[in-house]
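A single structure is presented below for examination.
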Amino acid sequence: MSSNTHLNPAVFYDLLSAEYDSMTDYEKRFVKDQDTFKAFIERFDIVSAVDAGTGTGFHALLLARLGVDVTAVDISGEMLRKCEENATTLGVRVKTLQSDFAHIPALVTQSFDAVLCLGNSLAHILTNEALSDSLAAFRKILKKDGILILQILNYDKILRERHRVQQIRRAGSKTFIRFYDYCGDRLFFNILSVHEDSPTPAHTIQTVELHPYTADELKPFLRNAGFGEIRIYGDLRFTEYSGDYSRDIVIIARSNS
Ligand SMILES: C[S@@+](CC[C@H](N)C(=O)[O-])C[C@H]1O[C@@H](n2cnc3c(N)ncnc32)[C@H](O)[C@@H]1O
(Lines give C-alpha, C1' and ligand atoms only; values in the text may rest on other atoms or scores of the structure.)
Protein backbone atom coordinates (compact mmCIF):
# COMPACT_ATOMS: atom_id res chain seq x y z
CA MET A 1 0.00 0.00 0.00
CA SER A 2 1.05 3.62 -0.48
CA SER A 3 2.64 5.23 2.54
CA ASN A 4 -0.37 7.51 3.11
CA THR A 5 -2.91 6.67 5.75
CA HIS A 6 -6.34 6.15 4.33
CA LEU A 7 -9.10 8.67 5.03
CA ASN A 8 -12.74 8.23 5.92
CA PRO A 9 -15.05 8.97 2.94
CA ALA A 10 -16.27 12.32 4.29
CA VAL A 11 -12.70 13.67 4.56
CA PHE A 12 -11.54 11.99 1.32
CA TYR A 13 -14.35 13.68 -0.65
CA ASP A 14 -14.16 17.00 1.21
CA LEU A 15 -10.53 17.20 0.02
CA LEU A 16 -11.41 16.07 -3.50
CA SER A 17 -14.48 18.28 -3.97
CA ALA A 18 -12.72 21.17 -5.73
CA GLU A 19 -11.27 18.86 -8.39
CA TYR A 20 -13.96 16.16 -8.64
CA ASP A 21 -15.82 17.62 -11.62
CA SER A 22 -12.73 18.18 -13.77
CA MET A 23 -11.44 14.75 -12.77
CA THR A 24 -14.66 13.01 -13.84
CA ASP A 25 -15.31 15.16 -16.92
CA TYR A 26 -18.65 16.36 -15.62
CA GLU A 27 -19.85 18.11 -18.79
CA LYS A 28 -19.17 15.16 -21.07
CA ARG A 29 -21.01 12.86 -18.63
CA PHE A 30 -24.06 15.12 -18.78
CA VAL A 31 -24.37 14.84 -22.54
CA LYS A 32 -23.67 11.10 -22.51
CA ASP A 33 -26.18 10.13 -19.81
CA GLN A 34 -29.15 12.39 -20.47
CA ASP A 35 -31.10 9.93 -22.66
CA THR A 36 -30.37 7.03 -20.28
CA PHE A 37 -32.00 8.86 -17.39
CA LYS A 38 -34.94 9.99 -19.49
CA ALA A 39 -35.56 6.31 -20.23
CA PHE A 40 -35.30 5.47 -16.49
CA ILE A 41 -37.87 8.11 -15.56
CA GLU A 42 -40.32 6.81 -18.16
CA ARG A 43 -39.74 3.10 -17.48
CA PHE A 44 -40.12 3.41 -13.68
CA ASP A 45 -42.49 6.37 -13.54
CA ILE A 46 -40.14 8.43 -11.35
CA VAL A 47 -41.57 11.70 -10.02
CA SER A 48 -39.52 11.91 -6.80
CA ALA A 49 -36.08 10.49 -5.99
CA VAL A 50 -33.20 10.47 -3.56
CA ASP A 51 -29.69 10.49 -5.01
CA ALA A 52 -27.72 8.84 -2.20
CA GLY A 53 -23.98 9.55 -2.39
CA THR A 54 -24.73 12.38 -4.81
CA GLY A 55 -21.22 13.84 -4.72
CA THR A 56 -21.27 17.08 -6.71
CA GLY A 57 -24.80 16.20 -7.77
CA PHE A 58 -24.28 14.84 -11.25
CA HIS A 59 -27.26 12.42 -11.31
CA ALA A 60 -29.41 14.58 -9.02
CA LEU A 61 -29.08 17.54 -11.37
CA LEU A 62 -29.64 15.41 -14.45
CA LEU A 63 -32.91 14.12 -12.94
CA ALA A 64 -33.96 17.57 -11.71
CA ARG A 65 -33.42 18.97 -15.20
CA LEU A 66 -35.78 16.29 -16.45
CA GLY A 67 -38.47 17.41 -13.98
CA VAL A 68 -37.91 14.99 -11.05
CA ASP A 69 -38.24 16.26 -7.46
CA VAL A 70 -34.78 15.30 -6.14
CA THR A 71 -33.19 15.16 -2.71
CA ALA A 72 -29.40 14.96 -3.03
CA VAL A 73 -27.74 13.25 -0.05
CA ASP A 74 -24.05 12.99 0.80
CA ILE A 75 -21.84 12.50 3.83
CA SER A 76 -19.36 15.12 2.56
CA GLY A 77 -20.39 18.73 3.22
CA GLU A 78 -17.93 20.04 0.62
CA MET A 79 -19.27 17.77 -2.14
CA LEU A 80 -22.79 19.00 -1.30
CA ARG A 81 -21.60 22.59 -1.49
CA LYS A 82 -20.30 21.89 -5.04
CA CYS A 83 -23.64 20.24 -5.81
CA GLU A 84 -25.44 23.43 -4.75
CA GLU A 85 -23.05 25.54 -6.87
CA ASN A 86 -23.66 23.28 -9.87
CA ALA A 87 -27.43 23.55 -9.33
CA THR A 88 -27.18 27.35 -9.35
CA THR A 89 -25.06 27.31 -12.51
CA LEU A 90 -27.57 25.05 -14.26
CA GLY A 91 -30.58 26.91 -12.89
CA VAL A 92 -32.19 23.79 -11.40
CA ARG A 93 -33.50 23.12 -7.89
CA VAL A 94 -32.49 20.19 -5.72
CA LYS A 95 -32.82 19.75 -1.97
CA THR A 96 -29.52 18.85 -0.32
CA LEU A 97 -29.07 16.82 2.83
CA GLN A 98 -25.82 15.98 4.63
CA SER A 99 -26.18 12.48 6.03
CA ASP A 100 -24.76 9.01 5.81
CA PHE A 101 -27.01 6.48 4.10
CA ALA A 102 -28.22 4.84 7.30
CA HIS A 103 -29.59 8.06 8.82
CA ILE A 104 -31.56 9.35 5.84
CA PRO A 105 -34.97 8.07 7.14
CA ALA A 106 -34.59 10.12 10.32
CA LEU A 107 -34.09 13.28 8.25
CA VAL A 108 -36.73 13.08 5.52
CA THR A 109 -40.51 13.18 5.87
CA GLN A 110 -41.66 12.09 2.41
CA SER A 111 -41.31 8.74 0.63
CA PHE A 112 -39.90 8.46 -2.85
CA ASP A 113 -40.46 6.63 -6.15
CA ALA A 114 -36.74 5.86 -6.48
CA VAL A 115 -33.49 5.79 -4.57
CA LEU A 116 -30.34 5.98 -6.67
CA CYS A 117 -26.93 5.10 -5.32
CA LEU A 118 -24.65 5.45 -8.32
CA GLY A 119 -21.02 6.01 -9.29
CA ASN A 120 -19.64 3.35 -6.92
CA SER A 121 -20.81 5.17 -3.76
CA LEU A 122 -21.95 1.93 -2.08
CA ALA A 123 -18.38 0.54 -2.20
CA HIS A 124 -17.55 2.98 0.62
CA ILE A 125 -19.68 0.89 2.99
CA LEU A 126 -17.17 -1.43 4.60
CA THR A 127 -19.02 -3.67 7.07
CA ASN A 128 -21.97 -6.07 6.85
CA GLU A 129 -23.75 -4.14 9.57
CA ALA A 130 -23.37 -0.80 7.79
CA LEU A 131 -24.46 -2.39 4.50
CA SER A 132 -27.61 -3.83 6.14
CA ASP A 133 -28.38 -0.47 7.77
CA SER A 134 -27.82 1.44 4.51
CA LEU A 135 -30.04 -0.86 2.42
CA ALA A 136 -32.73 -0.89 5.14
CA ALA A 137 -32.64 2.92 5.11
CA PHE A 138 -33.06 3.00 1.32
CA ARG A 139 -36.04 0.64 1.59
CA LYS A 140 -37.61 2.68 4.37
CA ILE A 141 -37.76 5.90 2.34
CA LEU A 142 -39.21 4.23 -0.77
CA LYS A 143 -42.90 4.09 -1.61
CA LYS A 144 -44.44 0.64 -1.96
CA ASP A 145 -43.07 -0.82 -5.22
CA GLY A 146 -40.50 1.98 -5.38
CA ILE A 147 -37.17 1.12 -6.98
CA LEU A 148 -33.57 1.13 -5.86
CA ILE A 149 -30.93 1.63 -8.55
CA LEU A 150 -27.40 0.72 -7.47
CA GLN A 151 -24.29 1.07 -9.59
CA ILE A 152 -20.88 -0.14 -8.52
CA LEU A 153 -17.82 -1.16 -10.48
CA ASN A 154 -17.57 -4.80 -11.55
CA TYR A 155 -15.31 -6.12 -8.80
CA ASP A 156 -15.58 -9.69 -10.12
CA LYS A 157 -13.48 -8.44 -13.04
CA ILE A 158 -11.31 -5.97 -11.12
CA LEU A 159 -10.26 -8.53 -8.49
CA ARG A 160 -9.48 -11.13 -11.14
CA GLU A 161 -7.41 -8.81 -13.34
CA ARG A 162 -5.78 -6.98 -10.42
CA HIS A 163 -4.71 -4.04 -12.59
CA ARG A 164 -3.29 -1.36 -10.37
CA VAL A 165 -3.88 1.71 -12.54
CA GLN A 166 -7.53 2.30 -13.25
CA GLN A 167 -7.43 5.60 -15.09
CA ILE A 168 -5.10 8.46 -16.01
CA ARG A 169 -6.79 11.71 -16.86
CA ARG A 170 -5.38 15.10 -17.73
CA ALA A 171 -7.39 18.27 -17.07
CA GLY A 172 -5.52 21.49 -17.88
CA SER A 173 -2.21 21.50 -15.99
CA LYS A 174 -3.30 18.67 -13.68
CA THR A 175 -3.07 14.93 -14.13
CA PHE A 176 -5.18 12.55 -12.04
CA ILE A 177 -4.04 8.95 -11.67
CA ARG A 178 -6.54 6.63 -10.02
CA PHE A 179 -5.03 3.39 -8.80
CA TYR A 180 -5.66 0.51 -6.42
CA ASP A 181 -3.65 -1.22 -3.72
CA TYR A 182 -4.69 -4.85 -3.24
CA CYS A 183 -3.88 -5.85 0.35
CA GLY A 184 -5.04 -9.37 1.12
CA ASP A 185 -8.82 -9.16 1.11
CA ARG A 186 -8.79 -5.37 1.51
CA LEU A 187 -8.87 -2.86 -1.32
CA PHE A 188 -7.56 0.69 -1.19
CA PHE A 189 -8.37 3.30 -3.81
CA ASN A 190 -5.87 6.13 -4.37
CA ILE A 191 -5.95 9.34 -6.33
CA LEU A 192 -2.57 10.81 -7.20
CA SER A 193 -2.97 14.39 -8.45
CA VAL A 194 0.04 15.87 -10.22
CA HIS A 195 0.07 19.65 -10.63
CA GLU A 196 2.40 20.79 -13.42
CA ASP A 197 1.84 24.53 -13.31
CA SER A 198 5.14 25.27 -11.59
CA PRO A 199 8.71 24.41 -12.73
CA THR A 200 8.80 21.53 -10.23
CA PRO A 201 5.59 19.48 -10.42
CA ALA A 202 3.82 19.13 -7.07
CA HIS A 203 1.57 16.25 -6.12
CA THR A 204 -0.99 15.10 -3.57
CA ILE A 205 -2.15 11.59 -2.89
CA GLN A 206 -5.33 10.54 -1.13
CA THR A 207 -6.45 7.06 -0.17
CA VAL A 208 -9.77 5.57 0.87
CA GLU A 209 -10.73 1.97 1.57
CA LEU A 210 -13.42 0.36 -0.59
CA HIS A 211 -15.36 -2.87 -0.22
CA PRO A 212 -15.30 -4.70 -3.57
CA TYR A 213 -18.89 -5.99 -3.57
CA THR A 214 -19.91 -8.61 -6.09
CA ALA A 215 -23.48 -9.06 -7.34
CA ASP A 216 -23.85 -12.40 -5.56
CA GLU A 217 -22.67 -10.90 -2.29
CA LEU A 218 -25.20 -8.07 -2.43
CA LYS A 219 -28.30 -10.11 -3.30
CA PRO A 220 -28.96 -11.65 0.18
CA PHE A 221 -28.46 -8.26 1.83
CA LEU A 222 -31.02 -6.75 -0.55
CA ARG A 223 -33.53 -9.53 0.20
CA ASN A 224 -33.04 -9.13 3.96
CA ALA A 225 -33.61 -5.39 3.64
CA GLY A 226 -37.01 -6.03 2.00
CA PHE A 227 -36.24 -5.86 -1.71
CA GLY A 228 -37.60 -8.26 -4.34
CA GLU A 229 -37.44 -8.52 -8.17
CA ILE A 230 -33.67 -8.07 -7.99
CA ARG A 231 -32.24 -7.69 -11.49
CA ILE A 232 -28.58 -7.37 -12.40
CA TYR A 233 -27.29 -5.56 -15.49
CA GLY A 234 -23.88 -4.62 -16.87
CA ASP A 235 -24.67 -0.91 -17.21
CA LEU A 236 -27.44 1.66 -16.89
CA ARG A 237 -28.68 0.79 -20.39
CA PHE A 238 -29.77 -2.69 -19.18
CA THR A 239 -27.02 -4.56 -21.05
CA GLU A 240 -26.68 -8.16 -19.85
CA TYR A 241 -24.21 -8.46 -16.95
CA SER A 242 -20.99 -10.40 -17.54
CA GLY A 243 -18.57 -10.95 -14.65
CA ASP A 244 -15.82 -11.15 -17.29
CA TYR A 245 -16.55 -8.10 -19.44
CA SER A 246 -18.99 -5.63 -17.88
CA ARG A 247 -17.52 -2.41 -16.54
CA ASP A 248 -20.25 -2.03 -13.92
CA ILE A 249 -22.72 -3.96 -11.84
CA VAL A 250 -26.10 -2.26 -11.96
CA ILE A 251 -28.76 -3.63 -9.63
CA ILE A 252 -32.39 -2.70 -9.91
CA ALA A 253 -34.52 -3.90 -7.00
CA ARG A 254 -38.10 -3.24 -6.01
CA SER A 255 -39.28 -2.47 -2.49
CA ASN A 256 -41.58 -5.23 -1.22
CA SER A 257 -43.55 -3.04 1.12
C1 LIG B 1 -17.43 8.10 -6.10
S2 LIG B 1 -18.39 9.41 -5.40
C3 LIG B 1 -19.80 9.31 -6.48
C4 LIG B 1 -20.56 10.60 -6.57
C5 LIG B 1 -21.70 10.62 -7.58
N6 LIG B 1 -22.72 9.64 -7.29
C7 LIG B 1 -21.16 10.43 -8.98
O8 LIG B 1 -21.47 9.41 -9.63
O9 LIG B 1 -20.45 11.32 -9.47
C10 LIG B 1 -19.00 8.68 -3.90
C11 LIG B 1 -19.83 9.65 -3.03
O12 LIG B 1 -20.46 8.89 -1.99
C13 LIG B 1 -20.39 9.63 -0.78
N14 LIG B 1 -20.49 8.68 0.34
C15 LIG B 1 -19.61 7.70 0.68
N16 LIG B 1 -20.06 7.02 1.74
C17 LIG B 1 -21.25 7.58 2.09
C18 LIG B 1 -22.22 7.30 3.12
N19 LIG B 1 -22.04 6.31 4.00
N20 LIG B 1 -23.32 8.05 3.19
C21 LIG B 1 -23.52 9.08 2.28
N22 LIG B 1 -22.65 9.39 1.29
C23 LIG B 1 -21.53 8.64 1.19
C24 LIG B 1 -19.05 10.33 -0.86
O25 LIG B 1 -18.95 11.44 0.03
C26 LIG B 1 -18.98 10.69 -2.33
O27 LIG B 1 -19.47 11.99 -2.59
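Could you check the range 54-67 and list, in sequence order, the residues that are in contact (Cβ under 8 Å) with a residue 40 or more places away in the chain and surrounded by fewer than 23 Cβ atoms within 10 Å (Cβ to Cβ)?
Result: Phe58, single match.
Can you pull out every residue in the range 111-122 that is part of a loop (DSSP other than H, G, I, E, B), within 11 Å of the ligand (Cβ to nearest atom) and among the polar types (S, T, N, Q)?
Asn120
Could you please let me know if Ala87 is closer than 14 Å to Asp21 by Cα, away from the ligand (no atom under 11 Å from the Cβ) and crowded, with 16+ Cβ neighbours inside 10 Å?
Yes: the conditions hold for Ala87.
Please state which one of Arg160, Arg169, Arg164 is over 21 Å from the mean Cα position of the chain (by Cα), more than 17 Å from Leu131 (Cβ to Cβ), among the basic types (Lys, Arg) and modelled with pLDDT of 90 or more.
Arg160
Looking only at residues that are in contact (Cβ under 8 Å) with a residue 60 or more places away in the chain and surrounded by fewer than 17 Cβ atoms within 10 Å (Cβ to Cβ) in the range 137-159, which one is nearest to Pro9 (Cα to Cα)?
The extreme case among them is Lys143.
A further question on this structure: Can you pull out every residue in the range 123-166 that is touching a Leu at 6+ places or on another chain (Cβ under 8 Å) and either of a type in the set (S, T, N, Q) or part of a strand (DSSP E or B) (or both)?
Residues satisfying the conditions are Ser134, Leu142, Leu148, Ile149, Leu150, Gln151, Ile152.
Quick one: would you say Tyr180 is at pLDDT 95 or above and more than 16 Å from the chain's Cα centre (by Cα)?
Criteria met by Tyr180.
Sort through Ala102, Ala72 and tell me the only one that's crowded, with 22+ Cβ neighbours inside 10 Å, closer than 20 Å to Leu142 by Cβ, under 16 Å from the mean Cα position of the chain (by Cα) and within 12 Å of the ligand (Cβ to nearest atom).
Of the residues listed, the single one that is crowded, with 22+ Cβ neighbours inside 10 Å, closer than 20 Å to Leu142 by Cβ, under 16 Å from the mean Cα position of the chain (by Cα) and within 12 Å of the ligand (Cβ to nearest atom) is Ala72.
Also, quick follow-up: Condition check: out of contact with any Leu (no Cβ under 6 Å at 6 or more places or on another chain), within 13 Å of the ligand (Cβ to nearest atom) and at pLDDT below 95. Does Met1 satisfy that? First the steps, then the outcome.
Working: out of contact with any Leu (no Cβ under 6 Å at 6 or more places or on another chain): yes; within 13 Å of the ligand (Cβ to nearest atom): no; at pLDDT below 95: yes.
Criteria not met by Met1.
Which residues, taken from the range 68-91, are of a type in the set (S, T, N, Q) and without any contact (Cβ under 8 Å) to a residue 40 or more places away in the chain? Write out each step before concluding.
If we filter the range 68-91 for residues that are of a type in the set (S, T, N, Q), which is where we start, we get 71, 76, 86, 88-89.
Across the range 68-91, the qualifying residues are Thr88, Thr89.
In addition: Which number in (1) within 8 Å of the ligand (Cβ to nearest atom); (2) closer than 21 Å to Phe44 by Cβ; (3) over 14 Å from the mean Cα position of the chain (by Cα) marks the one condition that Ala130 misses?
Only one criterion in (1) within 8 Å of the ligand (Cβ to nearest atom); (2) closer than 21 Å to Phe44 by Cβ; (3) over 14 Å from the mean Cα position of the chain (by Cα) is unmet by Ala130, namely (2).
Could you go through the range 233-243 and let me know if any residue there is in contact with a strand residue (DSSP E or B) (Cβ under 7 Å, 6 or more places away or on another chain), outside any loop (DSSP other than H, G, I, E, B) and surrounded by 14 or more Cβ atoms within 10 Å (Cβ to Cβ).
For the range 233-243, residues in contact with a strand residue (DSSP E or B) (Cβ under 7 Å, 6 or more places away or on another chain), outside any loop (DSSP other than H, G, I, E, B) and surrounded by 14 or more Cβ atoms within 10 Å (Cβ to Cβ): present.
Hey, another quick one. Would you say Asp51 is surrounded by fewer than 24 Cβ atoms within 10 Å (Cβ to Cβ) and in contact (Cβ under 8 Å) with a residue 60 or more places away in the chain?
Details: surrounded by fewer than 24 Cβ atoms within 10 Å (Cβ to Cβ): no; in contact (Cβ under 8 Å) with a residue 60 or more places away in the chain: yes.
For Asp51, the condition - surrounded by fewer than 24 Cβ atoms within 10 Å (Cβ to Cβ) and in contact (Cβ under 8 Å) with a residue 60 or more places away in the chain - is not met.
The values are calculated or read from the model by the stated rules, or taken from the named source; none is laboratory data. These numbers were taken from a predicted model, which means no experiment stands behind them. No Cβ is skipped: glycine too gets one built from the backbone with ideal geometry, and neighbour counts run over all protein chains shown.
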